[in-house]
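Let me begin by presenting the structure, written as structure tokens, before commenting on it.
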Amino acid sequence: MSSQKLSQNIKDKLIQKTLQHKLKKAENSGNGIASLLKSTTSKQAKANRFDQHPGYQQMQIIKNGAASLGIESPFFRTHEGVAGATSVINGKEVINYASYNYLGLSGHPKVNQAAVDAIEQYGTSVSASRIVSGERPIHQALEAKLAHMYEVDDALAFVSGHATNVTTIGYLFGAKDLIIHDEYIHNSSIVGAQLSGAKRLSFPHNDLDALEALLAEKRHQFERVLIVVEGLYSMDGDHPDLARLVEIKQQHYAFLMVDEAHSFGILGDSGKGLRELYQVAGKDVDIWMGTLSKTMSGCGGYIAGESALIEHLRYMAPGFLYSVGMPAPIAAAALASLEVMEQEPERIHQLMHISKYFLDTAKSLGFNTGESTGIAVIPIILGSSVTAAKASAALFEKGINVQPILYPAVPEQSARLRFFLSCEHTEAQVRETLVLLKTLI
Ligand SMILES: Cc1ncc(COP(=O)(O)O)c(C=O)c1O
């Protein structure tokens with residue numbers, strides 16, 4: 001008899017014993033089997049209702065709590081046009097800091113035109129997974145451009161940024177492996193790591209000494225090791241030391257993955273991301289990941305790296321293989337965004353300028369901007385979810401749209417307003433916003 005069967009027998013016996021015990025208890029209390037069956041059935045009936053789901057109930061508690069404090073929900077505000085430095089919500093124009101249209105390319109005439117042309121040529125869906133009949137020249141052009149910009153062999157575009165991390169990490173790594181990530185890593189990388197079945201460990205935010213110590217202690221226990229960091233952290237607006245990460249990963253024979261969702265198009269003089277800022281070669285990082293939903297004005301994600309990685313994912317990664325190809329207008333918008341980025345580098349310089357102006361002004365007014373380096377993402381930490389939610393609601397009343405980031409998305413004491421800057425924000429808008437905020441808290 002196998003040990004698996006043996007343990008199943010033991011389990012069965014335990015279940016039987018527990019049931020007998022429950023039955024006896026029910027009979028002693030005079031209720032008998034009918035009552036036991038009734039309570040079991042009512043438990044199952046309760047579990048079989050979506051309104052009894054623990055996640056839903058927790059959400060209701062938060063919603064009701066906010067309503068009882070008179071705080072209007074800041075979620076699902078509906079924008080009625082292009083969301084850039086300004087936007088129209090409920091028919092009213094607001095100064096907008098809640099959209100990651102960093103370079104103002106979503107809505108740019110050249111980007112719009114590229115999407116329209118692609119619809120004319122290919123329609124709105126490619127109507128199949130790329131491996132079967134969903135492949136279009138625009139996919140290849142976008143991927144070639146991304147590979148060129150990263151100076152790596154190849155790239156692959158996926159239909160969702162979140163799914164890019166889930167499927168890439170989830171597919172490439174397994175039970176014998178270790179995934180070490182910054183504690184602030186995006187949910188998509190965590191879900192990918194969970195899916196992979198690898199051991200998952202985190203290190204304190206941007207603490208590369210702690211990462212080294214973990215690797216020194218644990219590396220030998222695992223077959224492959226993946227280190228995952230972000231190019232620009234979207235809650236805090238800071239970034240890791242890429243040059244040192246490359247040294248660490250080389251020393252410990254680990255793969256390095258950098259999620260550039262918020263850094264590609266932003267960091268570096270020409271927007272080529274974290275590697276441009278640290279003067280690191282594209283090939284020094286094993287897995288470049290990014291999204292097409294921020295500077296690239298579309299939707300989806302990409303992986304860039306060596307041929308063996310990209311070819312492998314192209315044929316095997318479930319989220320690519322078993323999912324429809326990216327719609328041509330989205331691929332065209334992303335490609336056109338990259339072209340405009342090259343043609344109009346002043347957008348990147350203006351983003352740097354206005355972000356620094358925001359950071360300096362916020363600091364001069366005494367706000368806590370945490371670790372933000374003052375590029376594109378700047379938090380103003382208010383120290384409680386209620387204060388942050390109230391400040392967001394009050395600013396919205398006055399025509400300024402900024403999202404509060406509340407517990408549990410961040411620890412309660414670091415609840416904040418999170419400002420996304422766009423190169424199209426003006427100094428006057430920034431000053432008006434910060435001066436108004438000062439009067440509100
Ligand atoms: C760091 C990071 N990675 C991945 C994603 C997922 O990208 P997407 O929203 O394009 O699916 C996000 C989303 O904003 C992100 O911030």
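Working only within segment 151-169, note down all residues that are closer than 27 Å to P411 by Cα and more than 11 Å from the ligand (Cβ to nearest atom).
If the condition is that a residue be closer than 27 Å to P411 by Cα and more than 11 Å from the ligand (Cβ to nearest atom), then I169 is the only one that fits.
Considering each residue of segment 194-248, count those that are closer than 26 Å to V377 by Cα and among the polar types (S, T, N, Q), and give that number.
3
For the structure I just gave you, tell me whether Y278 is aromatic (F, W, Y), farther than 18 Å from V159 by Cα and surrounded by fewer than 21 Cβ atoms within 10 Å (Cβ to Cβ).
yes
So, in segment 57-81, how many residues would count as being part of a helix (DSSP H, G or I) and open to solvent by 100 Å² or more (accessible area, probe 1.4 Å)?
The number of residues fulfilling the criteria is 3.
Just give me the residues in segment 292-327 being under 29 Å from Q113 (Cα atoms) and open to solvent by less than 10 Å² (accessible area, probe 1.4 Å), in sequence order.
Across segment 292-327, the qualifying residues are L292, T295, M296, G300, G301, Y302, I303, A304, G325, M326.
Do you know which of the residues in segment 256-284 that are aliphatic (A, V, I, L, M) and assigned to a loop (DSSP other than H, G, I, E, B) is nearest to the ligand (Cβ to nearest atom)?
Applying the filter and picking the extreme gives A261.
Out of the helices (runs of 4 or more DSSP H) lying entirely within segment 302-402, which hold 1 or more residues that are modelled with pLDDT under 95?
Helices (runs of 4 or more DSSP H) meeting the threshold: 385-397.
Take the residues of segment 390-441 that are over 30 Å from H349 (Cα atoms) and free of Cβ contacts under 8 Å to residues at least 12 places away in the same chain: which is nearest to the chain's Cα centre (by Cα)?
Checked segment 390-441; the qualifying residue nearest to the chain's Cα centre (by Cα) is P408.
Filter segment 285-308 down to the residues that are more than 11 Å from the ligand (Cβ to nearest atom) and within 22 Å of the chain's Cα centre (by Cα) and list them by number.
Within segment 285-308, V285, D286, I287, W288, T295, S297, I303, A304, G305 meet the criteria.
Hey, among the residues in segment 66-110 that are without any contact (Cβ under 8 Å) to a residue 40 or more places away in the chain and touching a Lys or Arg at 6+ places or on another chain (Cβ under 9 Å), which one's farthest from H349 (Cα to Cα)?
Selected residue: G70.
Would you confirm whether or not segment 200-210 contains a residue that is in contact with a Phe, Trp or Tyr (Cβ under 9 Å, 6 or more places away or on another chain) and among the basic types (K, R)?
Scanning segment 200-210 turns up no residue that is in contact with a Phe, Trp or Tyr (Cβ under 9 Å, 6 or more places away or on another chain) and among the basic types (K, R).
When you check V258 against the structure, is it touching a residue at least 12 places away in the same chain (Cβ under 8 Å) and surrounded by fewer than 24 Cβ atoms within 10 Å (Cβ to Cβ), yes or no?
no
Just checking, does segment 200-221 include any residue being part of a helix (DSSP H, G or I), open to solvent by less than 40 Å² (accessible area, probe 1.4 Å) and polar (S, T, N, Q)?
So far as segment 200-221 goes, no, none of its residues is part of a helix (DSSP H, G or I), open to solvent by less than 40 Å² (accessible area, probe 1.4 Å) and polar (S, T, N, Q).
The values are calculated or read from the model by the stated rules, or taken from the named source; none is laboratory data. As the structure is a computational prediction, the values presented were derived from the model and not from experiment. Positions of Cβ are generated from backbone atoms using ideal geometry, with glycine treated the same way; all protein chains shown enter the neighbour counts. For the accessible areas, the whole protein counts, side chains as well, though only heavy atoms, and no ligand, DNA or RNA atoms are used. Shrake-Rupley method; radii C 1.70, N 1.55, O 1.52, S 1.80 Å.
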